[in-house]
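Visitor: Would you mind keeping the following structure in view while I ask a few things?
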């Protein structure tokens, strides 16, 4: 099996979509793993209670969840329990005491009435007067009433002596005792009484009773009653307490380990707290939290999605869009690999080695291989990625400093790179970018209040110059690889192909000199037209050089290579001549493919005649075969797919027609140009490219002006002068 070149694989039609999709997915996966490796925290071989060999700082800002939980617990513990004060409790206790005295009065009254009634009855019956109701009977009556009418069991809370003393007291004393107890109870129950201060409140109340106006004989009874009556009037509110504790915990700010914060100082003992923080930061195991892995995955997918939609918005043909996506993605992967190298150098404790990073490489390659829009997009991608990558043992200020440097260096690269048709011009741009990098590093370090004119500073600006100039040196080496792998055509590649020393151009010159001259003339015409409408004039010129290379297989069968009076087609049928003429487009494309020429040049060779009709041989065949169709005598195409091919399509036919004209005048040239353009439009040859009618009009005027300059009427010399000129020409 014949070995196929990589550009032929790229041009394969059947499986290209699958290959492109798989390659793009592979690039995304590779970018993800490279980014993970770049952002994975550095691992330290540190043992608990060992002496730290170097100062270890936090590579990122993370929340110390354990410390946060401890602070939240402290805040919750500081929240006092919430109690609900019930004013009805005090009122109920006062009512309870008042009911006690009411029942004492009631029992005394009933007993007195009963004694009186018994005495009257005995007197009527001439009997001896019965004994009065004893105190024990009154106590019994009082306890019975209290048990029946009071929900609370006062009979067990108060002793019989209390009841007996109250029942034996006079009404006057009883009222005094009641008033003293009620007043004190009302005052006490208005205060906050809980289980934890109940005893102290009772003691205070008994002390107040001792100092009150209650007769001394009843003070002990009053103390017992008020001590019994006082109960807690505030109850624990669990819901409100939990809510306040929750609010207090939420109000605690998360405890964070800040990026750049010193975890352990060189020479210090690694205690339990420092060791715990090292584990939390994954500085002992080189692991990251799962959410960080997921976050970087989403980040890479976001970059891929933005690239896809950015390319789609440019309205490129599908094939070209796929090519640009893969080129851009490959450049990004290369930058990740370079970042990896820089991180390895950082691990060697080289100060400010990050300034060696070739920040100008991605924008430079994207501008040359794609365009300026992609250059800016690549700069954004690399700058954003650097914010995640440069998070080693430095502070966030240094990280930001490096990212700003990358942004400025990339902008300088895009601005300074203007002429990239020659390697010397590219290197000159690299020299300027290197000088700008030195300036950028100088003022960035000054802004960061770093020491100027120190060895670290001088080394940093040296890194900047090497990184800037080296970006362009590396780019010059990588661009040919991209040209080969992706079949992309750059300005420098076009300049190389335009060299007369190119083997294929030499082949055309040696085998088909007439075709070579014709190609040069077409190149001049087409280039002038492309310049006027803003097309790629260099691509047009170089494409013209090679567009008729298929004629080198059978040079004599094309009029520009025929010797005077000898036409091989005179011995062939129209169909045989047709096959030879039509084949030069497909033959040319095959020759260019075999020589690994860029796809745009191959497309020009295949499309420069579109599907136009080979009129001369068609009508000649029609004379003997009326059934013949136009489709049999049309070029295989396809029609011109780009503006550049459309220009060559017109210029090629115009140059051949004007050259065949015996005495081209301004009027004849204009008629030829107008006729060919009108024929192409009516034949819808430009229906698949983006050329506009306004651009075609500019092309028409440009061709007329250029051809009139070439075929201007010469001065009519006398016959003897003509003869002298002919002799002079013969001698030359």
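Just so you know, all these numbers are worked out from the coordinates, no wet-lab data involved. Everything numeric here is computed off the predicted structure, so don't read it as measured data. All Cβ positions, even for glycine, are placed from backbone atoms using ideal geometry, and neighbour counts span all protein chains on display.
Visitor: Starting from 0 in steps of 5 Å, tell me what percent of the Cα-Cα pairs of region 191-335 lands in each bin.
Guide: Each 5 Å bin holds this share of Cα pairs: 2, 7, 8, 7, 6, 6, 6, 6, 6, 6, 6, 5, 5, 4, 4, 4, 3, 2, 2, 2, 1, 1, 0.
Visitor: Could you work out how far apart the two model spin labels at residue 161 and residue 236 are, taking each label as a point 7 Å from the Cα in the direction of the beta carbon, and quote it in nm?
Guide: 3.5 nm
Visitor: Additional query: Test of understanding: express the Cα radius of gyration of region 23-99 as a ratio to 2.2 N^0.38 Å, with N the residue count.
Guide: On the way: Rg = 30.7 Å, N = 77, 2.2 N^0.38 = 11.5 Å.
Here the Cα radius of gyration is 2.68 times the empirical estimate.
Visitor: Now for a separate question. Any idea what angle helix 318-347 forms with the longest principal axis of the chain, computed on alpha-carbon atoms, 0 to 90 degrees, nearest 10?
Guide: Its long axis makes an angle of about 60 degrees.
Visitor: Same structure, new question: Evaluated at 37 °C with a viscosity of 0.692 mPa s, what Stokes-Einstein diffusion coefficient in µm²/s does region 247-329 have when Rh comes from the Kirkwood expression over alpha-carbon pairs?
Guide: D, rounded to a whole number, is 188 µm²/s.
Visitor: Based on the mean of other Cβ atoms within 10 Å per residue, sort peptides 557-564, 514-521 so the most packed one is first.
Guide: Going by the mean number of other Cβ atoms within 10 Å, highest first, we get 514-521, 557-564.
Visitor: Tell me the label-point distance for the pair residue 51, residue 663, using the 7 Å Cα-to-Cβ offset, in nm and rounded to one decimal.
Guide: Using points 7 Å along Cα→Cβ, the separation is 10.8 nm.
Visitor: Using a simple spin-label model with points 7 Å from Cα along the Cα→Cβ vector, what separation in nm is obtained for residue 419 and residue 387?
Guide: 3.9 nm
Visitor: Per-residue counts of other Cβ atoms within 10 Å, averaged by peptide: what ranking do you get for 606-613, 221-228, highest first?
Guide: With the highest mean Cβ count within 10 Å placed first, the list reads 606-613, 221-228.
Visitor: Still on this structure, please answer the following. Taking Cα atoms, how many degrees apart are the long axis of helix 396-416 and the longest axis of the chain, rounded to 10 and kept between 0 and 90?
Guide: The answer is roughly 20 degrees.
Visitor: Moving on to the next point. Helix 423-447 versus the longest principal axis of the chain: what angle, 0 to 90°, nearest 10, using Cα atoms?
Guide: Taking the Cα atoms of the chain, the angle to 423-447 is about 20 degrees.
Visitor: Suppose R0 equals 25 Å. What FRET efficiency, 1/(1 + (r/R0)^6) with r the Cβ-Cβ distance, do residue 499 and residue 710 give to the nearest 0.05?
Guide: 0.55
Visitor: Only Cα pairs under 8 Å and at least 6 apart count here; give the relative contact order of the chain as a rounded whole percent.
Guide: Reported as a whole number, the value is 13 percent.
Visitor: Report the extension gain between residue 247 and residue 452 in nm, rounded to one decimal, defined as 0.36 nm multiplied by the number of residues separating them, less their alpha carbon distance.
Guide: Extra length from residue 247 to residue 452 when fully extended: 68.7 nm.
Visitor: Whole angstrom only: what separates the Cα centroid of region 335-385 from the Cα centroid of region 404-457?
Guide: For region 335-385 versus region 404-457, the Cα centre distance is 13 Å.
Visitor: Continuing with this model, one more query. Can you tell me the relative contact order of region 506-731? Whole percent, Cα pairs under 8 Å, sequence separation 6 or more.
Guide: 21 percent
Visitor: Could you list 324, 700 so that the one with the fewest beta carbons within 10 Å of its beta carbon is first and the one with the most is last?
Guide: 700, 324
Visitor: Taking 0.36 nm per residue of sequence separation and subtracting the Cα-Cα distance, how much length would be gained by fully extending the chain between residue 682 and residue 117, in nm to one decimal?
Guide: 189.1 nm
Visitor: Given the convex hull over the Cα atoms of region 506-731, what projected area results after averaging over all orientations, in nm²?
Guide: 14.2 nm²
Visitor: Subtracting the Cα-Cα distance from 0.36 nm times the residue separation, let me have the gained length for residue 571 to residue 509 in nm, one decimal. Before the final figure, lay out each step's value.
Guide: Values: separation 62, 0.36 × 62 = 22.32 nm, distance 2.63 nm.
Full-extension gain reported as 19.7 nm.
Visitor: With 10 angstrom as the radius, rank 171, 99 by how many other C-beta atoms surround their C-beta, starting from the fewest.
Guide: Details: 171 11, 99 17.
Fewest-to-most Cβ neighbours within 10 Å comes out as 171, 99.
Visitor: Show me 357-366, 541-550, 622-631 ranked by packing, highest mean number of other Cβ atoms within 10 Å first.
Guide: Working: 357-366: 29.7, 541-550: 26.8, 622-631: 10.5.
Result, highest mean Cβ count within 10 Å first: 357-366, 541-550, 622-631.
Visitor: Using just the helices of the chain, give the 222 nm mean residue ellipticity in deg cm²/dmol: DSSP H runs with n ≥ 4 each add -39,500 (n - 2.57), and the total is spread over all residues, rounded to 500. Write down the numbers at each step before the final one.
Guide: On the way: 30 runs with 486 residues, N = 732.
Value at 222 nm, helices only: -22000 deg cm²/dmol.
Visitor: Something else about it: Would you mind ranking 301, 453 by Cβ crowding within 10 Å, fewest neighbours first?
Guide: By the 10 Å Cβ count, ascending, the order reads 453, 301.
Visitor: Computed FRET efficiency, Cβ-Cβ of residue 192 and residue 110, R0 35 Å: what is it to the nearest 0.05?
Guide: About 0.30, to the nearest 0.05.
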